[in-house]
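FYI, it's all coordinate maths here, none of it is from the lab. Quick caveat, the model's predicted, so the values are computed rather than measured. Cβ atoms come from the backbone with ideal geometry, glycine included; neighbour counts cover every protein chain shown.
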Number of protein chains: 2
Amino acid sequence: MSQTVDRALSILPLLAQGPADLGQVAERLGVHKSTALRLLRTLHDHGLVYRQQDQRYRLGARLFALAQEAVENLDVREIAHPHLITLNEQIGHTVHLAVYEESEVLYIDKVESRYPVRMYSRIGKPVAITVAAVAKLLLADLPESERRVIAEKLDYPMYTSRSTPNAAAFLKELAAVREQGWATDLGGHEESINCIGAPIRGAAGRVVAAMSVSAPNVVVTAEELLSLLPLVRRTADVISREYSGSVTPH
Amino acid sequence: MSQTVDRALSILPLLAQGPADLGQVAERLGVHKSTALRLLRTLHDHGLVYRQQDQRYRLGARLFALAQEAVENLDVREIAHPHLITLNEQIGHTVHLAVYEESEVLYIDKVESRYPVRMYSRIGKPVAITVAAVAKLLLADLPESERRVIAEKLDYPMYTSRSTPNAAAFLKELAAVREQGWATDLGGHEESINCIGAPIRGAAGRVVAAMSVSAPNVVVTAEELLSLLPLVRRTADVISREYSGSVTPH
DNA sequence: ATGACTGTTGCAAGTAGTGCAACGGCCGTC
DNA sequence: GACGGCCGTTGCACTACTTGCAACAGTCAT
């Protein structure tokens, strides 16, 4: 691993917490100011960091552009999107699409119910991995051994009284999800929010993404939401078939 | 500027165009395979690139997370958003928010008319800088000399017959915009789309962002759209006042 | 005007990145 | 089934690149 690059890249999450000046960056990196300066300059030249009027550095605009292009290259998302829209029009609730990558589950698309409140909102943010329906679906498909390793390493924050409490419960839940081919999150993340989700599978049958429908229980009860399950699963299957058919270009 | 970091960062836009394998990366960087491997590994460790099953590399998930955090740190966006929503509810058309950074203008927020079609859509993508109303507003506020330099360096693609044809016309337009305090794009980017925009100013009176309302002329004529100008300007002013009042922490 | 602070530059020392060459695994071909 | 090519990977010697230092410049407050 390249030390110089390593240091430079460490600056990014550091700045993600908020703007910082040269001295702060140097200190938190544990290097000389002049070193930090050169690293920042290089990042700056590539548009990844930006220097505001008060000379402090913050994350730059090209980061958006890159993330934008990256997400557009995800063919699952491309294929799934129109189906998510359709589903949203049919049932009205918020629809999510998520993938698993490097021990993280994150939303890559979202169609909001009604008007778009806080667009972007959670897209790109890591999902509450121990409770979210999509996370269960994605992890449930991993080989047994890997599931176990991951489950042991996770934290199990009790967002609500119905959150997954520990690794054993989580593994049991994953086994059930794997068996039944769908997943729920009934108030496990926020007391009043329920979700149902279904997996999207690639040509080899492996789960490549997961989708979910979320709704507050003041709008629909958990039972009513569950009655939508067949529709959600059907949508996921349609996406799966379309995705399996599409050969990735080279 | 650090050569190693420079090379590593050059990989990102390269991968933004699509996945690539080690050989391709090495070739396009002009370095030995082993060098490219180590750079990629470092990027990988930081989650910026991801290695898919076929061993090819593509942009990674943390990039989203970073972009996400970066956008949340933009206080203009935070403050403006509810006002954009309100404006959208009043007039129904698409509302954009944009900033200028490093010779680029880019959208940082968007409230779509009606249902959210293709969320994310253009957010993060560079704006057509020579014609967009928001671009004119942001550039018009720069000092005369800087405006001139930028105008000379730009390309002037003729998207339509009403696109800005050259630097002289652009500078003239900027002067007019600066004078009148608002801007339009009447079919300069897409023949059937009109926009009106207004600037958002910080405490020092400098333009820190710009907002615009866009609508196809099959829905409203340019004249009708222009009649909304007072409302748009008033919204921009409200945001300006709120933004000026809020002192950035530190 | 003085001092303390920040950001910036040139330079010498040595570390850390580089390219090479050789290895190993994989896949298609003969 | 063995061979040959292809791609990713590793160890190593060499030198180029990064590093920290120290001195300079600019800005603000005392």
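Based on the Stokes-Einstein relation at 37 °C and a viscosity of 0.692 mPa s, and on the Kirkwood radius from alpha carbon pairs, the stretch B:3-65 is assigned a translational diffusion coefficient of 291 µm²/s. Under a 5 Å amide H cut-off, with hydrogens placed 1.01 Å from N, A:Glu101 pairs with A:Leu106 among residues at least 5 apart or on other chains.
Rounded to the nearest 20, the Cβ-based charge dipole of the stretch A:74-245 about its Cα centre (Lys and Arg +1, Asp and Glu -1) stands at 60 debye.
If you run the Gaussian network model on chain B, springs between alpha carbon atoms under 10 Å, then out of B:Val31, B:Val49, B:Val131 the most flexible one is B:Val31. For B:Asp109, nonlocal amide neighbours, meaning residues 5 or more places apart or on other chains whose placed amide H falls under 5 Å from its own, are B:Leu97.
So for chain A, what percent of the C-alpha to C-alpha distances run longer than 30 Å? If you can, show how the numbers build up before the last one.
On the way: 12127 of 31125 pairs.
Result: 39 percent of Cα pairs exceed 30 Å.
By the helix-only formula, in which each DSSP H run with n ≥ 4 contributes -39500 (n - 2.57) and the sum is divided by residues, chain B has a 222 nm mean residue ellipticity of -14500 deg cm²/dmol. Taking every C-alpha pair closer than 8 Å and separated by at least 6 residues, the mean separation divided by the residue count of the stretch A:3-65 gives a relative contact order of 32 percent. Roughly how tilted is helix A:229-245, in degrees to the nearest 10 and between 0 and 90, from the longest Cα axis of chain A? Result, in degrees: 60. When the GluC sites (Glu not before Pro) in the stretch A:150-250 are filtered for DSSP coil states and for at most 11 other beta-carbon atoms within 10 Å of their beta-carbon, no site remains. Springs join every pair of Cα atoms under 10 Å in this Gaussian network model of chain A, and among A:Thr160, A:Thr235, A:Thr35 the largest mean-square fluctuation is at A:Thr35. Applied to the stretch B:205-217, the Karplus parametrisation 6.51 cos²θ - 1.76 cosθ + 1.60 on θ = phi - 60° returns per-residue 3J(HN,Hα) values of x, 6, 6, 9, 7, 9, 10, 8, 10, 10, 7, x, 6 Hz, with x for Gly and Pro. Cross-link check: pairs B:Lys136/B:Lys172; A:Lys110/B:Lys110; A:Lys110/A:Lys136; A:Lys110/A:Lys172 evaluated at a Cα-Cα cut-off of 20 Å; pairs beyond the cut-off: A:Lys110/A:Lys172. Here the Karplus curve 6.51 cos²θ - 1.76 cosθ + 1.60, taken at θ = phi - 60°, turns the phi angles of the stretch B:144-153 into couplings of 2, 4, 5, 3, 4, 4, 5, 4, 5, 7 Hz, with x standing for Gly and Pro.
Inter-part distance, the stretch A:79-94 to the stretch A:178-235, computed on C-alpha centroids, equals 13 Å.
Backbone phi angles across the stretch A:164-176, fed through the Karplus curve with coefficients 6.51, -1.76 and 1.60 (θ = phi - 60°), yield HN-Hα couplings of 5, x, 7, 4, 4, 4, 5, 4, 5, 4, 4, 4, 5 Hz in residue order; Gly and Pro are listed as x.
Can you give the convex hull volume of the alpha carbon atoms of the protein assembly as shown per residue, in Å³? Could the numbers behind the result be given before it?
Details: hull volume 85.6 nm³, N = 500.
Each residue corresponds to 171 Å³ of Cα convex hull volume.
Using only side-chain charges placed at the Cβ, +1 for Lys and Arg and -1 for Asp and Glu, the dipole size of the stretch B:3-65 relative to its Cα centre rounds to 80 debye.
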